[in-house]
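Taking it in order: structure first as structure tokens, then the write-up.
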Amino acid sequence: MPKILLVEDNELNRDMLGRRLKRRGYDVVIAIDGGEGVTKAISEQPDLILMDMSLPVMNGWEATKILKSGSQTASIPIIALTAHAMVGDREEALAAGCDDYDTKPVDLKRLLQKIEALLQAVPEQSRPLEAVAKATARTTVEPPAAPPAEQLVIAAPQPTPSVPHPAAEREVMPRVVSPPAPLPSPPPTHTLAPTTLKLLVVDDVEANRDMLGRRLQRKGYDVALADSGEAALELIATTDIALVLLDIMMPGMGGIETLKRIRQTYSQEQLPVIMATAKDASEDVVEALELGANDYITKPIDLPVALARIQSHLKTREASAMARQQLLASTIAAAPKPSFWDKHFRLVEVISQHAFGQIAIAQDLQDPEKPQRIIHTYRLDTNSPEILNAVEALFLTEMATLKQLPPHPQCLPVLSFLQDGEVFHVVHDYLKGTVLSKELEAQASINPRMACKFADELLTIVEVLHQADFVHTHPHPDCFLQPSEKGKKLVLIDYGVIPRILSKLSLQYPQYKQLLLEQGDSVAPEMSFGTFKPETDQYVIGKLFMQALQQSDPGANPQLAELHEATLQIFAKMCQFNIQERYPTLYDANRAVRNHWHQLWKVELSHKLEQPR
């Protein structure tokens, strides 16, 4: 029975195509993103891979290049599957290393013919040993072809129920009347020599839009046009866009709001955005740059200046994509070693235990110059090899992401990581101190000023992560260490690895969704539905200090009691169940907390001065 690895992030597509391939005699292995696809290709050694190109974590183009450059996987045939039936896509897929190419919706009969042609074409000496053994034992009965009239139609990513499917409304120029569907994972970032990069020009004035589009086309770019923010988001969700030229002043959803929506899903490196604005709109430019715009140009547009800035940001985008690919490839190649506690470390003290694992101080047996480390140990009961493989792939991706984070004095970097079966270890340098949860427990009660002080410190550290396009998801007090050295600020020692992994697993495995639900309101509600955004990080901090203040006495002074209630309202907004009702950004939440903290300090100081000596 030939083994096929199906790498597809859309659950409906996965289920439908997987079941039909199984009916035709194939053993089907599933991966839900590019990183997991690479890991399973190495561990499962399939006879053939069906690779969706638009994948989260690592897109299909990057995954294919890694597989074709690895000695264990280079000979495995890969068929690219894509919904973008654009001229040149087939050539680009073949250039990436794919052996064939097919478009969605998939014609099952045609796909089966391509699968069988590739399986028969691969010589035994170049196929994985496991695959050769299976091929030798296989009978000569081939999987039956689909009936002539049968066609497998694979669904596109599902829009929000209240929004019509974009394809049903769009002919030439997409116009979105109702709110657009949520943006999917970032588009493929082609690190190969691209055929033609596609730019998106967004402007509500048709003459401006068409003229700039034609001028860019003459310079060799493929150009898509959108007349509104809503239409731009729809195009970004369904098309591989390399860079956006976005007008600030538009009716309906303006350029600033459109930029906010884009930055909820795409970083500056993944999708550069250049704002177009009038010369006298300096305040808009400042706001756009603060929200994550890469650059700006003024109207009327000077084409040579615009081209120089476009080319500069496209080069940065390509370099960033190559760096991510190389880092993830090296991470996957570094096979974790077992016998963690036997050969590497000796446990000294457990300093914290929580729902997702423990934090300990351990003696490093292999580095006598630095005898102690801080080690996070996580155990996930997977109960099946399939789930363990999924966890391993997600863990490797997390480690690759953490290695990319820029250094910061309040973030303890990851030194190494190891796996021992279902147990995962993350190793940090040693820092003497006390976890924040114990510091808070030592306080008899928390007053509003103390709550704002601690919240400001936590929000400031997490905001550092957001500047690197990283969402923590669960910044609880056990994630932070108060150094023993006087004057030192809090340090982040836990990056929320396991909560993020559990959230992603909850999409496919109900037991992990249940595990998150069992944590009650200590975990942001969207996490159990496989979703987390920058606003998710507000939730845990807001919930922590809101509950602490609810247990404290506001006192008899009317002014202080009023400020106590105002403090509660700030933290209550941070932990609203509906993510849209929280502060728009962590910066906004932190500004509200800090301003209120200063007000509390002034009032408390005033009352102290008024007291008789």
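The values are calculated or read from the model by the stated rules, or taken from the named source; none is laboratory data. Since the model is a prediction, treat every value here as computed from it, not as a measurement. Heads up, the Cβs are rebuilt from the backbone with ideal geometry, glycines too, and the neighbour counts pull from every protein chain shown. All accessible areas refer to the heavy atoms of the entire protein, side chains included, with ligands and DNA or RNA removed. Shrake-Rupley method; radii C 1.70, N 1.55, O 1.52, S 1.80 Å.
A few points about this structure:
- In sequence order, region 418-429 has phi-based couplings of 9, 10, 9, x, 8, 9, 10, 10, 10, 10, 10, 4 Hz under the Karplus curve 6.51 cos²θ - 1.76 cosθ + 1.60, θ = phi - 60°, and Gly or Pro positions carry x.
- Taking 0.36 nm per residue of separation and subtracting the current Cα-Cα distance, fully stretching the chain between Gln580 and Leu517 would add 20.6 nm.
- Across Lys114/Lys513; Lys315/Lys489; Lys438/Lys602; Lys343/Lys488; Lys504/Lys573, pairs whose alpha-carbon gap is larger than 32 Å: Lys114/Lys513; Lys315/Lys489; Lys343/Lys488
- With a Förster radius of 45 Å applied to the beta-carbon distance between Lys219 and Arg23, the computed FRET efficiency rounds to 0.35.
- Scanning residues 5 or more positions from Phe480 or on other chains, those with amide H under 5 Å from its amide H are Leu436, Ser437, Ile493, with H placed 1.01 Å from N in the peptide plane.
- Stokes-Einstein D for region 469-612, Kirkwood Rh over Cα pairs, 10 °C, 1.306 mPa s (µm²/s): 93 µm²/s
- The three principal axes of the Cα atoms in region 214-290 give end-to-end lengths of 33, 27, 25 Å, sorted in falling order.
- Per-peptide packing, taken as the mean over residues of other Cβ atoms within 10 Å, places 20-26, 244-250, 101-107 in the sequence 244-250, 101-107, 20-26 from highest down.
- Using a probe of 1.4 Å on the protein chains alone, the accessible area found for Asp27 is around 50 Å².
- With 0.36 nm allotted per residue and the present C-alpha distance subtracted, the Gln353-Leu94 stretch has 88.3 nm of extension available.
- Across region 563-570, computed HN-Hα scalar couplings (Karplus, 6.51 cos²θ - 1.76 cosθ + 1.60, θ = phi - 60°) run 5, 4, 5, 5, 5, 4, 5, 4 Hz from first to last residue, x flagging Gly and Pro.
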